[in-house]
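Trainee: Okay, handing you the structure first.
The values are calculated or read from the model by the stated rules, or taken from the named source; none is laboratory data. Computed from a predicted structure; not experimentally measured. Glycine gets a Cβ as well: all are built from the backbone with ideal geometry, and neighbour counts include every protein chain shown.
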Amino acid sequence: RGGSAGSGGALTFEPVEQNLLDELVTPAGYRYSVVMRWGDPVERGAPEFDIDRQTPEAQAKQFGYNCDYIGFLPLGDRGDRFLLVVNHEYTNEQLMFSGVTGESSPTTAEQKRIAMMAHGISVVEVKRRGNSGEWRPVRNGDRNRRITADTPMELTGPAAGSPYVRTSADPTGRVVLGTLNNCAGGMTPWGTTLHGEENFNQYFGATTAVTETAQEPRYSRYGISTTKPAGRRWDEVDPRFDLAREPNEVNRFGWVVEVDPYDPSSTPKKRTALGRFKHEGANVQIAEDGRVVAYSGDDERFDYIYKFVSKKRYRSGTDRASRAHNLTLLDEGDLYVARFTGDSPGSEIDGSGRLPSDGEFDGTGQWIPLVKDGRSMIPGKDVAWVLTFTRLAADRLGKELDAQGDLTTPEKVVDASKVPTKMDRPEDIQVNPVNGYVYAALTNNSNRTVADEANPLNRSYAFSTDEQGAGRYREEKGNRNGHVIEWRETQGAAGEAFEWRIFLVAGDPQRPETYFAGYDKSKVSAISCPDNLEFDPAGNLWISTDGSVLSRVNQGEGTVGGANDGLFAVPTAGLERGHLKAFLTVPLGAECSGPLITRDARSVFVSVQHPGETTGSTREAPSSTWPDRRQERPFPRPSVAVAYREDGGRVGS
Ligand code: FEO
Ligand code: CA
Ligand code: CA
Ligand code: CA
């Protein structure tokens, strides 16, 4: 199986060592520079950043906090000017503000408003430095833009205007203020960006208890508290974050947002046809027949992988009419959820990661429709309901339902072949441009007790420190290091069937449960918690990590505490398939996200998200001072960095 990575795409760099440095570490022969930091001016008129005199008005024009997904769209055809489009997933108030001691410590109204303005998306024009792989921001670029938790956006598609999304401020159910917790994303062939609203639940709660029925847990199935206000208490400055006052506001978050970065006055669109869940992101490809296929993971333990297929076909022209047409593609189509069926006897999957007798964790898969040809596949529930409460809809597939379309108690499976597969936290999903295979990162699942062939671990090794401060690997319940699964659509990209296999089982390669596509494990780097995926033009897979539970020294007993997250690269085809190597590591406390490799393969952008997010780390005593290294009262700044070869050559070589 698989295509060739091509001789031009060999990964010859010397891997970086695991470390706990407060620095971004690249291989020999590489450099990095910081492109945009939290607080850097974005929009015209933005003031210079001053952490001790920050205001909501300043932050609304400056680069937001906790950069994540990175999109990169060309300006002109000379290859030296682009738009960098960056998500700002969430805020770390204890690192942003004096006097905030922990994640749930009280904040002032002003601090809450600053945090709201630090969420959202940035669009920043960047320019190549000379003929290098380095990029610099363009101050006051014409298209520079901030989108925040207050920016008006339009709900579009079948759930727009439905009773589930109407509020007192917006009885039409079509105009929403802001986007929240934008994690991963994708670029479309028609020059827009897609942004997944992930853990939107953490902004909503109830100041007085609200009710939901056991048959229809619209809030609790999404992790939204019906009895407590949200930890951030944004309801104190904006009542829409209180379920008791606005029961439907929360239903207006959890969507995929489409932004046209070329038009700074455009209204972002929340595309309801792609369903509502904790969207890690969305990546599109054009099927053989021109329909648009978008994959999206729901990042929760035991949640699902989804696929949207548009009704209309993509038009390849760059003229105004074609683009206007393409901007409607994500508003109408079919929504599917994935079922993975293993081909090895179930008794062979014992949860230890031992390979089954056929030598692979693999099998066949089915895309099970939730919405098809404009109709709901859940009897008793309309299309808008399926799209707004997609998790509830997916839970009903293959089960006995009552007359209202609700699950009977106890739940009864009537057609096991229609029950979707509960996965180990589906994160980013990306299509290999060389061979069309699809790759999904499953970041971890500490709660898994029953393994299946697609999620084969119920115990694994993780590094932790005991009360005496002694660190070591311990066998723990569940899949602590995550895995990566690959599949091939067997009826065309828009079809309903696929073949899958596990590409790698992450962890310390010295541990028996790990698997690197069959490659010699003595030659690979340790990796933990795969999160965002990216391909270079040669078809090598690049994997960034979030939440590594590895140790710095790979020797089990007597180890030294933990290891920073980073970015890894691995060939997906040929003799080197599975030869994974660490390309860079990010500073202390950070996750590595948003990897973006330019199409000339000379630059790799990464988001250094939440540097200094470690236990007890605060504005007064931060554990990271990257990247500014201020002498007086230092603090970390989440930043987008670009790594490039000193000689301007291809990254990975
Ligand atoms: Fe924001 Fe699922 O990572
Ligand atoms: Ca098998
Ligand atoms: Ca992520
Ligand atoms: Ca993550």
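Trainee: Please return the ranges of strands (runs of 3 or more DSSP E) entirely within the range 1-96 where 3 or more residues are aromatic (Phe, Trp, Tyr).
Mentor: It comes to none.
Trainee: Taking the range 354-392 on its own, how many of its residues are touching a strand residue (DSSP E or B) at 6+ places or on another chain (Cβ under 6 Å) and under 21 Å from Ala497 (Cβ atoms)?
Mentor: 14
Trainee: Thr421: buried (at least 19 other Cβ atoms within 10 Å of the Cβ) and under 19 Å from Trp255 (Cβ atoms), yes or no?
Mentor: no
Trainee: Please go through the range 402-427 and pick out each residue that is within 16 Å of ligand 4 (Cβ to nearest atom), assigned to a strand (DSSP E or B) and under 20 Å from Val450 (Cβ atoms).
Mentor: Hits for the range 402-427 are Met423, Asp424, Pro426.
Trainee: Test Pro247 against the criterion of being under 27 Å from Ser104 (Cα atoms) and surrounded by 16 or more Cβ atoms within 10 Å (Cβ to Cβ), and give yes or no.
Mentor: The answer is yes for Pro247.
Trainee: Answer yes if at least one residue in the range 529-541 is under 17 Å from Tyr439 (Cα atoms), assigned to a loop (DSSP other than H, G, I, E, B), in contact with a strand residue (DSSP E or B) (Cβ under 6 Å, 6 or more places away or on another chain) and within 16 Å of ligand 4 (Cβ to nearest atom), and no otherwise.
Mentor: For the range 529-541, residues under 17 Å from Tyr439 (Cα atoms), assigned to a loop (DSSP other than H, G, I, E, B), in contact with a strand residue (DSSP E or B) (Cβ under 6 Å, 6 or more places away or on another chain) and within 16 Å of ligand 4 (Cβ to nearest atom): present.
Trainee: Just one of (1) buried (at least 22 other Cβ atoms within 10 Å of the Cβ); (2) in contact with a Lys or Arg (Cβ under 9 Å, 6 or more places away or on another chain); (3) part of a loop (DSSP other than H, G, I, E, B) trips up Tyr262, so point out which.
Mentor: Of (1) buried (at least 22 other Cβ atoms within 10 Å of the Cβ); (2) in contact with a Lys or Arg (Cβ under 9 Å, 6 or more places away or on another chain); (3) part of a loop (DSSP other than H, G, I, E, B), only one is false for Tyr262: (1).
Trainee: Only one residue in Thr364, Thr388 is touching a residue at least 12 places away in the same chain (Cβ under 8 Å), among the hydroxyl-bearing types (Ser, Thr, Tyr) and crowded, with 19+ Cβ neighbours inside 10 Å, so which one is that?
Mentor: So the residue among Thr364, Thr388 that is touching a residue at least 12 places away in the same chain (Cβ under 8 Å), among the hydroxyl-bearing types (Ser, Thr, Tyr) and crowded, with 19+ Cβ neighbours inside 10 Å is Thr388.
Trainee: Among the residues of the range 343-359, write down those that are buried (at least 18 other Cβ atoms within 10 Å of the Cβ) and either closer than 19 Å to Trp487 by Cα or within 16 Å of ligand 1 (Cβ to nearest atom) (or both).
Mentor: Scanning the range 343-359 gives Ser344, Pro356.
Trainee: When you scan the range 586-603, do you find a residue that is on the phi > 0 side of the Ramachandran plot and either crowded, with 22+ Cβ neighbours inside 10 Å or free of Cβ contacts under 8 Å to residues at least 60 places away in the same chain (or both), even just one?
Mentor: Looking through the range 586-603, at least one residue is on the phi > 0 side of the Ramachandran plot and either crowded, with 22+ Cβ neighbours inside 10 Å or free of Cβ contacts under 8 Å to residues at least 60 places away in the same chain (or both).
Trainee: Please work out which one of (1) out of contact with any Leu (no Cβ under 9 Å at 6 or more places or on another chain); (2) crowded, with 17+ Cβ neighbours inside 10 Å; (3) at negative phi is the condition Asp77 fails and give its number.
Mentor: Answer for Asp77: the failing condition is (2).
Trainee: With the condition kept exactly as written, say whether any residue in the range 293-301 is touching a Lys or Arg at 6+ places or on another chain (Cβ under 8 Å), more than 16 Å from ligand 4 (Cβ to nearest atom) and closer than 15 Å to Thr179 by Cβ.
Mentor: So far as the range 293-301 goes, no, none of its residues is touching a Lys or Arg at 6+ places or on another chain (Cβ under 8 Å), more than 16 Å from ligand 4 (Cβ to nearest atom) and closer than 15 Å to Thr179 by Cβ.
Trainee: Is it the case, given these coordinates, that Ala451 is small (Gly, Ala, Ser), surrounded by 13 or more Cβ atoms within 10 Å (Cβ to Cβ), within 16 Å of ligand 3 (Cβ to nearest atom) and modelled with pLDDT of 95 or more?
Mentor: For Ala451, the condition - small (Gly, Ala, Ser), surrounded by 13 or more Cβ atoms within 10 Å (Cβ to Cβ), within 16 Å of ligand 3 (Cβ to nearest atom) and modelled with pLDDT of 95 or more - is not met.
Trainee: Could you list, in sequence order, the residues of the range 562-583 that are more than 16 Å from ligand 1 (Cβ to nearest atom) and within 27 Å of Thr618 (Cβ to Cβ)?
Mentor: The answer is Gly562, Ala563, Asn564.
Trainee: Hey, any hits in the range 342-349 for a residue that's modelled with pLDDT of 95 or more and more than 30 Å from Val505 (Cβ to Cβ)?
Mentor: Scanning the range 342-349 turns up no residue that is modelled with pLDDT of 95 or more and more than 30 Å from Val505 (Cβ to Cβ).
Trainee: On to the next question. Based on this model, can you work out whether Val484 counts as closer than 18 Å to Ile349 by Cβ, surrounded by fewer than 17 Cβ atoms within 10 Å (Cβ to Cβ) and either within 21 Å of the chain's Cα centre (by Cα) or at pLDDT 95 or above (or both)?
Mentor: So Val484 fails the test.
Trainee: With a cut-off of at least 2 residues that are touching a strand residue (DSSP E or B) at 6+ places or on another chain (Cβ under 9 Å) and closer than 27 Å to Ile368 by Cβ, name the strands (runs of 3 or more DSSP E) lying wholly within the range 428-513.
Mentor: So the answer is 438-442, 483-489, 497-505.
Trainee: Which residue out of Ser322, Ser357, Ser347 is within 16 Å of ligand 2 (Cβ to nearest atom) and assigned to a helix (DSSP H, G or I)?
Mentor: None of the others qualify; the one that does is Ser347.
Trainee: Could you please tell me which pairs satisfy a Cβ distance under 8 Å, a separation of 6+ or placement on different chains, a first residue in the range 338-361 that is hydroxyl-bearing (Ser, Thr, Tyr), and a second residue that is surrounded by fewer than 16 Cβ atoms within 10 Å (Cβ to Cβ) and outside any loop (DSSP other than H, G, I, E, B)?
Mentor: Thr341/Thr364; Ser357/Glu348
Trainee: Spot the failing condition for Arg129; the list is (1) in contact with a Pro (Cβ under 7 Å, 6 or more places away or on another chain); (2) surrounded by fewer than 19 Cβ atoms within 10 Å (Cβ to Cβ); (3) not aromatic (Phe, Trp, Tyr), and only one is missed.
Mentor: (1)
Trainee: With the requirement that a residue be basic (Lys, Arg) and out of contact with any strand residue (DSSP E or B) (no Cβ under 6 Å at 6 or more places or on another chain), what does the range 270-305 give you?
Mentor: Of everything in the range 270-305, just one residue is basic (Lys, Arg) and out of contact with any strand residue (DSSP E or B) (no Cβ under 6 Å at 6 or more places or on another chain), namely Arg276.
Trainee: So in the range 422-478, with the set limited to residues that are under 27 Å from Phe498 (Cα atoms) and among the small types (Gly, Ala, Ser), which one is nearest to ligand 2 (Cβ to nearest atom)?
Mentor: The extreme case among them is Ala454.
Trainee: Restricting to the range 509-535, name every residue that is within 16 Å of ligand 3 (Cβ to nearest atom) and either under 15 Å from Gly482 (Cβ atoms) or touching a Lys or Arg at 6+ places or on another chain (Cβ under 7 Å) (or both).
Mentor: Ile527, Ser528, Cys529, Pro530, Asp531, Asn532, Leu533
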